[in-house]
Amino acid sequence: MSAHVSMNFFARYRAFFKTLRIVCFCLPFIACATPGGLNADSQKDRRLRIIDAHTHAVLKEKPEGLTRPIPSKEAYLKEMAENNVVGAVSHMRDPGDYDQELHNRNVVFCYGIGDKVNQQEIEHGLKSGRYGCIKIYLGYIHRYASDKEYEPVYRLAEKYGVPVVFHTGDTYDVKAKLKYADPMTVDEVAVDHPKVKFVLAHCGNPWITTAAELTYKNPNVYLDVSGFLIGDLNRMSGEDMEVYMIQPIKWIFGYVENPSKILYGSDWPLVNMDQYIRAVKKAIPREHWKSVFYKTQ
Ligand SMILES: [Zn+2]
């Protein structure tokens, strides 16, 4: 994220999390084909601003799939600045992941719920403004979205006007149980809590048709396009990029029929911000970049 983001912008971004209508922005670069079929962006595109709705700014353990050392906070801010990422959401695994300096620099922290639901801690964090959203790790935590344990969480989300983000789809942990990570389990929660905004992280990949239908049907359900591919995208073939990322996101975008419900997200540090932005731009029609990559609606 840019170190020079105005407070005005931050206020606007926080407002999104209250009403949950995030989307992102775009940046582009210079043209040159890479092994992965990614084109660099033009100078004009590069000026576009981006909000990355899915990052992990603070990691204590190296997740499977991260082939480089865990990047530092400085590296995070540097990548944001280089890519005109003017705001971001950092998904926490535990309260120790919170970082006040990053918070001051337009990073919204999303409180991650583990095995136990600590209502007091969540409410304190929401009330103080420390957390701007709540993350539930479906699959990693062996509970459905509709589990009664999560009911107080949804009530708190409504009370404080913050969205709830669900991990959905594939997991990097073999101990995770995929039946809980199927996005279909979010449908009844979305229906029962119409005033709460829900985000399906990773578009439920590979259950993208379910995630797209939930988003199309429920006015309070949104998608983030993070994590379709991880690693060095420049080392992937153009065909793999098309099959496993570009075409699925294109299909989702068309099915949902509402650009404001699709949010840009990367899953940094599992991917490089520049590469992921360029890949997503290939899937989204240019006239909707502003909506998907940045604009709150
Ligand atoms: Zn993630």
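Provide the gained length on full extension for the span residue 94 to residue 184, in nm with one decimal, where the gain is 0.36 nm per separating residue minus the Cα-Cα distance.
Numbers: separation 90, 0.36 × 90 = 32.40 nm, distance 2.58 nm.
Difference between extended and current length: 29.8 nm.
What separates the Cα centres of the range 224-297 and the range 105-170 is a distance of 25 Å. In this view, the solvent-accessible surface of residue 287, computed with a 1.4 Å probe and all protein chains in place, comes to about 140 Å².
Bridging of residue 295 to aspartates and glutamates at a Cα separation below 18 Å is possible for 45, 52, 224, 257, 287, once same-chain residues fewer than 8 apart are set aside. On a per residue basis, the convex hull of the C-alpha atoms belonging to the range 169-284 measures out at 103 Å³.
Scaled to the compact-protein estimate 2.2 N^0.38 Å, what is the alpha-carbon radius of gyration of the range 55-140, rounded to two decimal places? Please list the in-between numbers first.
Working: Rg = 13.4 Å, N = 86, 2.2 N^0.38 = 12.0 Å.
The reported ratio for this selection is 1.12.
Ligands, DNA and RNA aside, residue 115 has an accessible area near 110 Å² when probed at 1.4 Å.
The slack between residue 287 and residue 74, meaning 0.36 nm per residue of separation minus the straight C-alpha distance, is 73.4 nm.
Excluding residue 99 itself, what net charge comes from residues whose Cβ is under 11 Å from its Cβ, given Lys and Arg +1 and Asp and Glu -1?
+1
When its C-alpha radius of gyration is set against 2.2 N^0.38 Å (N residues), the range 7-293 gives a value of 0.92.
Among the listed pairs 179/290; 148/175; 116/148; 135/261, give every one whose C-alpha distance is greater than 24 Å. Distance filter (> 24 Å) returns 179/290.
Fully extending the segment from residue 240 to residue 115, taken as 0.36 nm per residue of separation minus the present Cα-Cα distance, adds 41.4 nm.
Give the carbon-plus-sulfur fraction of the accessible surface of the range 66-119 in %, rounded to a whole number; probe 1.4 Å, heavy atoms of protein chains only.
On the way: 1090 of 2240 Å².
C and S fraction of accessible area: 49 percent.
Residue 77 sits with roughly 20 Å² accessible to a 1.4 Å probe, with DNA, RNA and ligands left out of the calculation.
The values are calculated or read from the model by the stated rules, or taken from the named source; none is laboratory data. Keep in mind that what you see is a predicted model, and the values were worked out from it rather than measured. Cβ: placed from backbone, ideal geometry, glycine included. Neighbour counts: every protein chain shown. The accessibility values were calculated without ligands, DNA or RNA, using every heavy atom of the protein model including side chains. Shrake-Rupley method; radii C 1.70, N 1.55, O 1.52, S 1.80 Å.
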